[in-house]
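Working notes, structure below.
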Amino acid sequence: MSSDSKKPTPKPAAKKPQEKPVEIPAFEKGISDKIVEKFGDKIEVAFVKKDRVRINVSKENVHDVAEFIRDGLNYDHVESVSGVDYPQDKEIEVVYHIGSYSDSSLERQILILSTRAQREENPIPGNDATKLPSLRDIFYSVEFHEREVFEMLGVYFEGHPDNRRLLLPEDWADLPPLRKDFAIKGR
Amino acid sequence: MTAELPPGLALQKVDERIMTLNVGPQHPGSGHMRIVVQIDGDYIVACDPDPGYVHRGEEKMAEYRNYITNIPHLERPVIHDSCNVLYPYVLGVEELLGIEVPERAKYVRVIASELNRCIYIMYWLAIYGIFLGHSTMFMWPAGDRELLIDLMEKMTGARVTHAHFVPGGVRNDLPPNFEDVCLRQVNYFEKRIKEYAAVFYDNPILISRTRDTGILSRQDAIRLGTTGSVLRASGVDYDLRKKEPYDVYDELDIHTNVMKEGDSYARSRIPWLDMIESCKIIKQALQKMPKSGSVRVKLKPNPKGKNETVYKRVESGRGSLGCYVVSDSKPEPYRVKLSVPSFRNLIALPYLLKGEKLGNMPSVYWSLNYWPVEADR
Amino acid sequence: MSVIAPNFKLSEFIKSLLDNAFWGVLLMVLVGIPAVMMVLFFIEMPVINGELLTPFLALTWLADPSRILPVVHAFMATDMFRVMAFPGFGFAALLAAGTIFVERKMLAKLQLRVGPFYCGKIEGILQLMGDGLKLISKEIIIPAKADKPLFWAAPVIFVGAAAAFVALIPVAPGWVVADVDLGLLGVFAVIGFFPIITILSAWSANSKFPFIGGIRALFQMVSFEIPLILSLLGVVILTGTLNLSEIAASQSSFPWIVFLPIGAIVFFITMLAELERIPFDLPEAESEIVAGWLTELSGMMYGLVQLGTYLKLYAFAALFVVLFLGGWNGPMIVPPFPAEILTDGIVMGPITAKIPGLPLFTQEMLNGTLWFVLKTVGVIFFILLPRGVFPRIRIDMLLNLGWTKLIGLAFVNIFIALGLLYAGVLGPGGLQ
């Protein structure tokens, strides 16, 4: 469907709404328009679908954008923080799924905020360039999610108060396991 | 390197008055996790949950299997709620593959997922009972749960790990005469769980013990991003079955149970009310279900997903359960992330236990509707 | 198809049996009988029916009931019998074992389960024996940093204290191990031992969960001892004695629960707390502190503590019966011993057996024991019942209950007793 078949990035998916502009729902479009209006070129709207808006941000701007999402758009909690490893791009993507309980019009909406950190070939979790600003001071609910992403992909969140391991054993000395170069035996 | 440890990794200095208790992983009151509790006398001054003892790398495994073979292992995090834990993944894969599900299959899914919700809550309630020292409340739900497990066995062929939902519908059609048996069992079950009020929920000792302990205010429940019964016990009316209806939930009449108190008692009562509500939903679905028709769309072997990302969520027995699937046009998903309610509710544990008495730890901990295996995935 | 013993030969099996029998007989003749004789040589044997009871005579009498019964009579009069068997340890242990069995079955019925079922043909009646064997055969693990002498001693002292408690209970008129004038004070003294044993055991284990459990037990027992003692003062005021046998005998017309229901209720609640039964089982609250002060005990050490706990349960229930429910008093329902057996002997066809010394127990004693057991079983049933109905309460609620409500009620009870006494309803010149 997409011309870019070599690389699995979510960016090509951004072209999809433009292929069928009829399907863009008005309310979700309004949300993305507000963000675009505020930040302009600093962000990229990946797609606008029913109940889902996806925004790609560089790591320098992610803190500001998140702050605007909370204060300007009434989103109040993060449902999930997922790390996705892209070895070909030498990047690790961190995706925040942000929702809202307090605003009744946003109850079915999920705003997907994605940002990317630099990826190291030989990671030293916490002491290499794979770093992102933590969103914990904006969304308190990311605390455990960011700890999980740190141990599973080695993305260190600067400003996070508690960077211990969560799920992995304390003596885990291998690669962060959700990186693509951590291979499962026999597969 | 020792001098420059990142925040959170350095060793802490602890007062001599403080005793550190390792509650778990081998402890009758912890489940498969460890709660490091620091107590001063009878009061908890700090609590640090340490999950991960049953981490099985479901997300990593999912990257190596194709969309269909992922089904049996992705339901393992909560085998008691296996239909619901699989549901968002199946919905997501259906969107990625572009499949439309037959009407009858949607109703079968609703019935299965509501039955599963009851099965899960019964198990949860049993453990809540034994955590409070009420052994009758351990045995009754564990026994009455068998009714529904028998139903699920009739429907799917397995007692707990059903693997019943597949992209495009459900694996098998209902057995003949299932509707009557289901209606009869569910009617009895509903009558039976209402009796629990007399022995458990209206018990004065239980009420005096759990009222006003571990209070989670509405603001904090939202700020901490809790979900499910924890959120609804704090006065937030949020149920995905109603707010973002999937499959045929928009055609059914669903009542959301909300309580304002936000204490352990409210958090423990909400799942029980949910079960009664689930019984009503099952009866409605049995009535409205098309009596015949296909239950499954035939898939191509090894289907490939669109080059897209999809995030789907359902209301499970513990709260909203999301699944984020990244596809790269291959038969295997590029990344599957389960955003599980237990993991989201866990963040409230240190917050709630701070300043509580040690005796309240089990009731507060288990009232979070927490399933350790699910949080570890 | 599998065969259990593929190399089985009947001849070898019979040979092995005969071998075993041969060695058994040989060892008995060469070692067993001489050992018994040598031991008996140093023991002073009683004189029965004008004959010195030599070992040979005793062995020959075993076959003749008319001659063995006086021996049994002589034995029953000894302190040994009272301590080991009837009003003492054996009787209490039997009732305690019955309690455990009834508790399991009753709780199982309450919770829609079966309970013990397979061990023993009838309803799992041998389950307790199986559990005991299991506990005996288990390894005893001592924590590395435990204070070993104290840790070893604690379960034994616990059983000892419980047995001492049992010894003070009068079961039937004249049937009590230790008939002391200050019996009730003795009871208070023995009850005061339990928190000390608990905290010693918990402290010596040198582990956190037993420590918390021991501290909880100490809090609980000490704070409930005061209402316990106060609630019994009413009975003492009305009877004017501390001797438990006299207290029981004083209730021949009516039990004290009629006049002192508040005291009985307070005593029952404090009893539950002293016994660490649900809803007051905080020292063993498993979801909080594993098994409380029992956490580090293993094998038969745990078994001993359980035995002590159930002996204590029996003793408390018996104390309740003695103090409030009239002890052994009750209508005479045991039929008198048939007189024709005494006069004519037992006639079995052509044979007539005249057996001297036959009524082994008097009618009063049998009747008293029957009533006592019936009442005790009833009280035990009510002690067991809350376990199926109530959840555990919290330590602060427990202390609040003990220090404010129960002590207040116990004082109300004392005032009621004093009022009855001074109004002349009871006591000297009154009804009794």
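Summary table
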quantity: Subset of segment B:142-171 (residues that are in contact with a helix residue (DSSP H, G or I) (Cβ under 9 Å, 6 or more places away or on another chain) and of a type in the set (D, E, K, R)); calculated: B:D144, B:R145, B:D150, B:K154, B:R159, B:R171
quantity: The one condition in (1) more than 9 Å from chain B (Cβ to nearest Cβ); (2) touching an Asp or Glu at 6+ places or on another chain (Cβ under 6 Å) that A:K90 fails to fulfil; calculated: (2)
quantity: Where C:Y118 falls short, out of the listed (1) surrounded by fewer than 17 Cβ atoms within 10 Å (Cβ to Cβ); (2) at pLDDT 75 or above; (3) assigned to a helix (DSSP H, G or I); (4) not β-branched (V, I, T); calculated: (3)
quantity: Selection status of B:G317, in contact (Cβ under 8 Å) with a residue 12 or more places away in the chain, within 7 Å of another protein chain (Cβ to nearest Cβ) and at negative phi; calculated: no
quantity: Count of residues meeting criterion [hydrophobic (A, V, I, L, M, F, W, C), surrounded by 22 or more Cβ atoms within 10 Å (Cβ to Cβ) and in contact with a Gly (Cβ under 7 Å, 6 or more places away or on another chain)] in segment A:140-187; calculated: 7
quantity: Residue within segment B:34-49 that is away from chain C (no Cβ under 14 Å), buried (at least 18 other Cβ atoms within 10 Å of the Cβ), touching a residue at least 60 places away in the same chain (Cβ under 8 Å) and not in a strand (DSSP E or B) present; calculated: no
quantity: Residues of segment C:257-278 that turn out to be under 18 Å from the mean Cα position of the chain (by Cα), in a loop (DSSP other than H, G, I, E, B) and at negative phi, as a count; calculated: 2
quantity: Segment B:282-313: number of residues that are of a type in the set (D, E, K, R), more than 14 Å from B:S329 (Cα to Cα) and under 29 Å from the mean Cα position of the chain (by Cα); calculated: 5
quantity: Matching strands (runs of 3 or more DSSP E) fully within segment A:101-187 where at least 3 residues are touching a residue at least 12 places away in the same chain (Cβ under 8 Å) and facing chain B (nearest Cβ under 8 Å); calculated: none
quantity: Residue among C:Y302, C:Y314 that alone is in a helix (DSSP H, G or I), hydroxyl-bearing (S, T, Y), within 30 Å of C:A144 (Cα to Cα) and more than 14 Å from chain B (Cβ to nearest Cβ); calculated: C:Y302
quantity: Residue among C:L294, C:L342, C:L307 that is more than 30 Å from C:I237 (Cβ to Cβ) and out of contact with any helix residue (DSSP H, G or I) (no Cβ under 9 Å at 6 or more places or on another chain); calculated: C:L342
quantity: Any chance B:N369 is more than 10 Å from every other protein chain (Cβ to nearest Cβ) and either within 30 Å of C:I289 (Cα to Cα) or not basic (K, R) (or both); calculated: yes
quantity: Boolean, B:V23 is among the hydrophobic types (A, V, I, L, M, F, W, C) and away from chain C (no Cβ under 14 Å); calculated: no
quantity: Qualifying residue in segment B:286-296 (condition: more than 14 Å from every other protein chain (Cβ to nearest Cβ), among the charged types (D, E, K, R) and free of Cβ contacts under 8 Å to residues at least 60 places away in the same chain); calculated: yes
quantity: Condition check for B:G143: at pLDDT below 85 and either more than 18 Å from B:N84 (Cβ to Cβ) or away from chain C (no Cβ under 14 Å) (or both); calculated: no
quantity: Subset of segment B:214-237 that is within 15 Å of B:P271 (Cα to Cα) and assigned to a helix (DSSP H, G or I) - its residue that is nearest to the chain's Cα centre (by Cα); calculated: B:S229
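The values are calculated or read from the model by the stated rules, or taken from the named source; none is laboratory data. Worth saying up front: this structure is predicted, and the values here are computed from it rather than measured. Glycine gets a Cβ as well: all are built from the backbone with ideal geometry, and neighbour counts include every protein chain shown.
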